[in-house]
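Scroll down for the structure; my scribbles are underneath it.
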Ligand code: SAM
């Protein structure tokens with residue numbers, strides 16, 4: 001039995017890099033698929049919802065930062081294939097640094113940026129950008145930046161930070177990367193699974209696993225949740241199936257103090273939705289995002305829009321004007337999956 005266990009995939013991959021390589025390989029292998037294929041997915045509304053939520057979070061933080069900054073510099077930590085590039089464009093930032101452990105994703109992100117710049121109007125001043133492939137839980141970004149003195153106004157870490165909670169040192173290194181080059185008054189924003197929700201659900205389950213037809217979370221064992229390295233497997237309709245780690249939020253808040261960071265906002269996705277949906281403008285954006293995903297418009301099949309205006313434009317090109325769908329199109333299963341996440345905002349103190 002012992003021999004069998006030593007051959008388990010996790011142990012075989014343990015080369016001192018923990019699970020990092022597994023995560024990089026997984027994300028590198030993910031294919032960029034067109035809108036048509038994405039629309040067939042059972043999690044299309046969940047993707048839209050997550051995108052809507054990030055658009056609001058990023059938009060609001062940039063509004064705050066812009067009150068006393070003309071030039072805004074952003075670090076997108078765990079940028080993936082650049083799903084937030086249009087949000088940075090819409091937010092009229094000046095400079096962006098994109099970093100991710102998955103080299104193929106970083107290349108795609110860079111390509112997307114180049115395409116975006118090439119297709120933009122000559123009068124539009126698109127931000128300058130830099131792309132770094134690095135394990136941000138083990139390597140220091142400040143040593144890889146073209147300008148080591150660069151200061152960020154915002155670090156955005158969307159659906160990424162939980163990968164670093166494999167060990168205290170990794171969680172600290174990622175936090176250091178997120179915060180050490182933030183200027184005082186700058187923000188560290190992000191989204192991550194809510195450990196409280198995960199543990200609650202697994203404890204309510206008959207086994208060490210819970211989920212539905214769109215997602216599944218499987219803990220290695222139940223009843224014992226270590227502060228670091230508490231691993232679970234997360235499977236989302238073939239999108240993500242890699243080890244993740246519980247982020248016990250009060251610990252995260254304590255660790256952030258080392259970098260002079262103060263928690264200013266924390267909401268579960270449910271709370272965030274309830275708060276933001278009261279605003280008519282936010283509601284319209286959500287409806288448009290849903291409408292466009294239902295009726296693909298982009299000629300290259302992969303446009304991701306972030307503002308009502310962009311959606312209207314894309315709708316016109318798709319010759320399907322006026323498409324609007326009622327809210328609430330997330331299935332119950334999708335909502336169960338997305339409601340394990342939370343939103344956080346830390347501010348750097350002077
Ligand atoms: N932030 C993007 C978004 O919201 O679309 C991508 C999110 S994706 C769920 C998680 C990303 O985290 C992947 O691109 C993955 O490669 C990256 N990641 C995971 N561990 C990382 C690490 N140690 N250093 C840098 N990036 C990491």
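Values quoted throughout were computed directly from the atomic coordinates according to the rules given, and no laboratory measurement underlies them. Treat the numbers as computed from the prediction; the structure is a model and nothing was measured. No Cβ is skipped: glycine too gets one built from the backbone with ideal geometry, and neighbour counts run over all protein chains shown.
Odds and ends about this structure:
- Modelled label reach - residue 167, point 7 Å along Cα→Cβ, segment 210-238 residues with backbone N closer than 12 Å: 229
- A Förster radius of 35 Å combined with the Cβ-Cβ distance from residue 114 to residue 268 puts the calculated FRET efficiency at roughly 0.40.
- The distance separating the Cα centre of segment 53-120 from that of segment 138-181 comes to 16 Å.
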